[in-house]
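Below: the structure, in structure tokens.
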Amino acid sequence: MGVYLDGLLTELVAAVSVVLLAVYVRFRWGYQYWKKKGVSYAEPSFPFGNMGPSILGLKSYGKFLREVYEKAKGKRFIGLYSILRPVLLIRDPEFIRRILIKDFSSFHERGVFLDDEEPLNRQLFFLPSPEWRPRRVKLTPAFTSGKLKGMFQTIQECGRQLSEAAQTCAGRGEPVEVRELVARYSTDVIVSVGFGVESDCQRNPDAVFRNWGRRVFTSDLKASFGFRLNFISPQLADFFRIKGGFTEVSSFFRKMIADNVEYREKNNVTKRDFIDLLMQLKNKGFVEGDKLENEQDVGKSYFTLEDLAADSFGFFIAGFETSSTTISSSLYELALHEDIQSKLQQEIDDVLNRHGGNITYDAIAEMTYLEKVLAETLRKYPPLPFLNRECTEPYTIPDSDVVLEKGTGIVISLFGLHYDPEHFPDPERFDPKRFSEEEKANRHPYVYLPFGDGLHACIGMRLGLLQSRVGLVNILSKCSVRPTEKTTRDISYNNRTILLLPTKGIELKFVKRI
């Protein structure tokens, strides 16, 4: 019996050894990919290639890519490995322009895997190209300047409540966790202009939409791992069907949308909000104001209720978190730079005086220094600190002999570009003058891309900026913002999310203006 067990154990050890050897050889061979192509590359490690710290949540993906970008100084691009998948990080602004614009047809996929069994994952950002193109065309009219003007009074009412909250904090002389204060404002805005209902987050910090918003961005370890992996190594996530998405909030959100749509259709309710525009796509196949209205047939595209729920959810998660991060980051920098804050407040005062003290759409549009302040904030704190694409056909890199094969991952480090001293001297310094017309004219346009560019650019960019401007004007017209003893001077970022989110709250204090 003992001899039999010894023999069985020997065979098992031999079999395991053969498997391990085969795996080792496969990885060893795979990690020669960039070398064979003559491309400089970062040295990989078994079994995660270069992505181990990010996959395991030890370092944020944005910070990791920035470090790779900085170490590759002087190179146009550098090779990486995500497990075994070859990935190319692009540093050259002109090559970035080609990927996003001129040669978009060769890089039209984002290269992200999300579980397609979850209906809310079928939102615009994650759709594959054949479905994404018609969806993008049909959603674009929802974000025109005319539509935003129609939403402005709703946004401003939320801004007025934010101003009152800031003044209350100032009157009490108490510090405030500014990210939470602003997140309640941005949630109210998105829910109001998106779904035509009052979320009441500013009056009630534990309102249902605020709680669901927190749960989306404070997911458990398993969910956050799955979400990271779907961006960093989509092939591995697809192979093992590792889910990353929003299944926890799916039932609530889908029911809320279905009930909202049913009520409006039954009672013939029409509102000037995002749901109304999506319902037009559901029932008519186009948005009013589309070319079909002018008798030019651009084709109809009917949304299902699931499509409507998915894009509504995408509108929600993209709208409140990115804007709240931008506003709170702006307030943080303004608190640390009183001279910049004073200059911005002077512009706000001058413009509002010309408009009878009223915060209007046209008044906001006149505030050019505010535009520069927000641009500099987005340089230092891009909400999504990288862009990702996938090569969809064999592609020869211009001015080289390197041919990228179909399926090769492409990443662009916005964090790296925005902090590159060759493009932005003294990049840690907060300086809105970087975005004067003279400075922009002397800088390559593709070194600053907080919303991406080209056909995959953020569709809600205008709304996000308008929401941020309204929030800042409502606060700064009545209050100044100051740091406290606990205000951090060195922001660290959450390693478990792909967004650029600080690990700790930002404590500031408001002071009423005289």
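For the reader, a short list of remarks on this structure follows.
- When segment 314-358 is filtered for residues that are among the small types (Gly, Ala, Ser) and within 21 Å of Gln123 (Cβ to Cβ), the ones remaining, listed by number, are Gly314, Ala318, Gly319, Ser323, Ser324.
- When restricted to residues that are among the aliphatic types (A, V, I, L, M) and over 23 Å from Ile317 (Cβ atoms), segment 366-415 contains 9.
- Count of residues meeting criterion [touching a helix residue (DSSP H, G or I) at 6+ places or on another chain (Cβ under 7 Å), within 19 Å of Pro175 (Cβ to Cβ) and not polar (S, T, N, Q)] in segment 333-349: 2
- The residues listed here are Phe48, Phe107, Phe27, Phe77; of these, the one that is within 26 Å of Glu393 (Cα to Cα), surrounded by 11 or more Cβ atoms within 10 Å (Cβ to Cβ) and in contact with a Cys (Cβ under 7 Å, 6 or more places away or on another chain) is Phe107.
- Boolean, Lys504 is farther than 30 Å from Tyr361 by Cα, of a type outside the set (Gly, Ala, Ser) and either touching a Gly at 6+ places or on another chain (Cβ under 8 Å) or without any contact (Cβ under 8 Å) to a residue 60 or more places away in the chain (or both): yes
- Subset tally (residues that are among the acidic types (Asp, Glu) and touching a Gly at 6+ places or on another chain (Cβ under 9 Å)) for segment 73-110: 0
- Candidates Asp220, Asp238, filtered to the one that is of a type in the set (Asp, Glu), surrounded by fewer than 17 Cβ atoms within 10 Å (Cβ to Cβ), under 28 Å from Tyr81 (Cα atoms) and at pLDDT 65 or above: Asp238
- Checking Ile410 against (1) within 16 Å of the chain's Cα centre (by Cα); (2) hydrophobic (A, V, I, L, M, F, W, C); (3) outside any loop (DSSP other than H, G, I, E, B); (4) closer than 25 Å to Val87 by Cβ, the condition it does not meet: (1)
- Index of the failed condition, Val403 passing every other in (1) in contact (Cβ under 8 Å) with a residue 40 or more places away in the chain; (2) in contact with a Phe, Trp or Tyr (Cβ under 8 Å, 6 or more places away or on another chain); (3) surrounded by 19 or more Cβ atoms within 10 Å (Cβ to Cβ): (3)
- Residue within segment 135-146 that is within 30 Å of Leu88 (Cβ to Cβ) and among the aromatic types (Phe, Trp, Tyr) present: no
- Selection count, segment 163-180, where residues are in a helix (DSSP H, G or I) and either surrounded by fewer than 24 Cβ atoms within 10 Å (Cβ to Cβ) or basic (Lys, Arg) (or both): 11
- Hey, Arg26 touching a Gly at 6+ places or on another chain (Cβ under 6 Å) and either assigned to a helix (DSSP H, G or I) or modelled with pLDDT under 95 (or both) or not: no
- Residue list for segment 450-479, filter: surrounded by 21 or more Cβ atoms within 10 Å (Cβ to Cβ) and basic (Lys, Arg): Arg469
- Applying the criterion of at least 3 residues that are in contact (Cβ under 8 Å) with a residue 40 or more places away in the chain and within 22 Å of His444 (Cα to Cα) to the helices (runs of 4 or more DSSP H) found wholly in segment 41-160 leaves 61-71, 93-97.
- From Val112, Val182, residue being of a type in the set (Val, Ile, Thr) and at pLDDT below 85: Val112
- Residues in segment 358-391 that are small (Gly, Ala, Ser) and either under 20 Å from the mean Cα position of the chain (by Cα) or under 27 Å from Arg98 (Cα atoms) (or both): Ala375 alone.
- Within the span defined as segment 194-202, every residue fails to be modelled with pLDDT under 75, among the aromatic types (Phe, Trp, Tyr) and not in a loop (DSSP other than H, G, I, E, B).
- Top-ranked residue of segment 481-501 - restricted to ones that are charged (D, E, K, R) and in a loop (DSSP other than H, G, I, E, B), ranked as nearest to Ile232 (Cα to Cα): Arg496
- Pairs are defined by a Cβ separation below 9 Å, a sequence spacing of at least 6 or placement on different chains, a first member in segment 418-434 that is closer than 15 Å to Tyr69 by Cα and in contact (Cβ under 8 Å) with a residue 24 or more places away in the chain, and a second member that is among the aliphatic types (A, V, I, L, M) and assigned to a loop (DSSP other than H, G, I, E, B); the pairs so defined are His418/Leu449.
The values are calculated or read from the model by the stated rules, or taken from the named source; none is laboratory data. No experiment lies behind these values; they were computed from the predicted model shown. Ideal geometry is used to build each Cβ from the backbone, glycine not excepted, and the neighbour counts take in all protein chains shown.
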